[in-house]
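The next block holds one structure in the form of structure tokens; read it before the comments.
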Amino acid sequence: MKAIRLTLATAAIALWTAAATAQSYSFGGTVNQNIPDANPGGLTIATNLTGMAGSISNITLSVNITNAAGSTAYNGDLYAYLVGPNGGFAILLNRSGVGSGNSFGYNNTGFAVTFGMFGTSGNIHFYQPGGSYNGAGQLVGTWTPDGRAIDPQSASSLFDSTSPTALLDSFVGTDPNGTWYLFFADLAGGNTSQLVSWTLNLETVPEPSTWALMAVAMLAFARSRKGFLKK
């Protein structure tokens with residue numbers, strides 16, 4: 001009888017664990033396109049993603065931005081955001097370094113960074129001092145997005161007083177299937193950046209309705225086990 005109880009309990013745990021397991025998906029591409037200099041129309045990457053189950057529980061986005069041929073990148077020129085197909089909006093870059101006393105932003109030449117909900121390096125807007133760079137002069141590390149939901153041409157002082165609100169956690173709980181939009185713009189003349197590549201990593205968990213069905217199934221399973229053991 002004890003062996004039967006153990007087998008049934010083990011099966012129940014296995015069933016619950018299978019339902020709770022997160023699924024991981026990765027998408028991306030090599031772009032090698034210039035971000036038009038001093039052009040708010042920018043560069044838009046639209047990607048239709050399908051075949052994913054559940055809703056988003058975690059998200060990271062890696063980008064590689066470097067010098068365009070014959071030019072040098074200027075990080076403080078760039079504005080970028082990510083839009084999800086069913087909700088979610090994150091401002092990745094908003095004129096990094098712009099603030100009181102600096103109306104042009106940082107002059108580093110590119111990004112080879114990952115944006116995450118829990119960026120270990122901090123918020124990317126004021127990445128100096130303390131930022132790390134590779135041999136090409138690109139900023140590296142894992143950062144939280146800029147998140148400042150203001151016009152990138154705003155007065156410098158407004159960047160100091162605006163809190164980050166447009167962050168990656170806005171995607172949590174949404175359906176990942178559909179068309180994603182990744183946008184970059186260069187808002188000052190004289191330097192040109194190139195988007196080399198991007199990678200979007202998603203983790204999903206079962207929808208709340210799935211959890212409810214699992215709870216009903218577990219209850220029915222427990223009742224059937226009780227009836228079986230009485231026999």
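Taking every alpha carbon pair in the range 23-206, what does the distance histogram look like in 5 angstrom bins from 0, in percent?
2, 9, 18, 22, 21, 15, 8, 4, 1, 0
Under the 0.36 nm per residue contour assumption, what length would be gained going from the current alpha-carbon distance of ALA136 and SER161 to full extension?
My answer for the length gained is 5.8 nm.
Taking Cα centroids, how far is the range 23-89 from the range 123-173 in Å?
15 Å
Quick one: of the DSSP bridges fully inside the range 84-215, what percent are antiparallel, nearest 5?
Around 30 percent antiparallel, to the nearest 5.
Stretched out fully, how many nm does the piece from PHE27 to GLN128 gain, at 0.36 nm a residue minus the Cα gap?
Working it through step by step, the gained length comes to 33.4 nm.
How much length would be gained if the chain were fully extended between ASN39 and SER100, taking 0.36 nm per residue of separation minus their Cα-Cα distance, in nm to one decimal?
19.5 nm
Considering only DSSP beta bridges with both partners in the range 98-157, what is the antiparallel share in %, to the nearest 5?
Counting DSSP beta bridges with both partners in the range 98-157, the antiparallel share is about 35 percent.
The numbers here are math on the coordinates, done by the rules we state, and not lab data. Note that this is a predicted model, so its numbers are computed, not measured.
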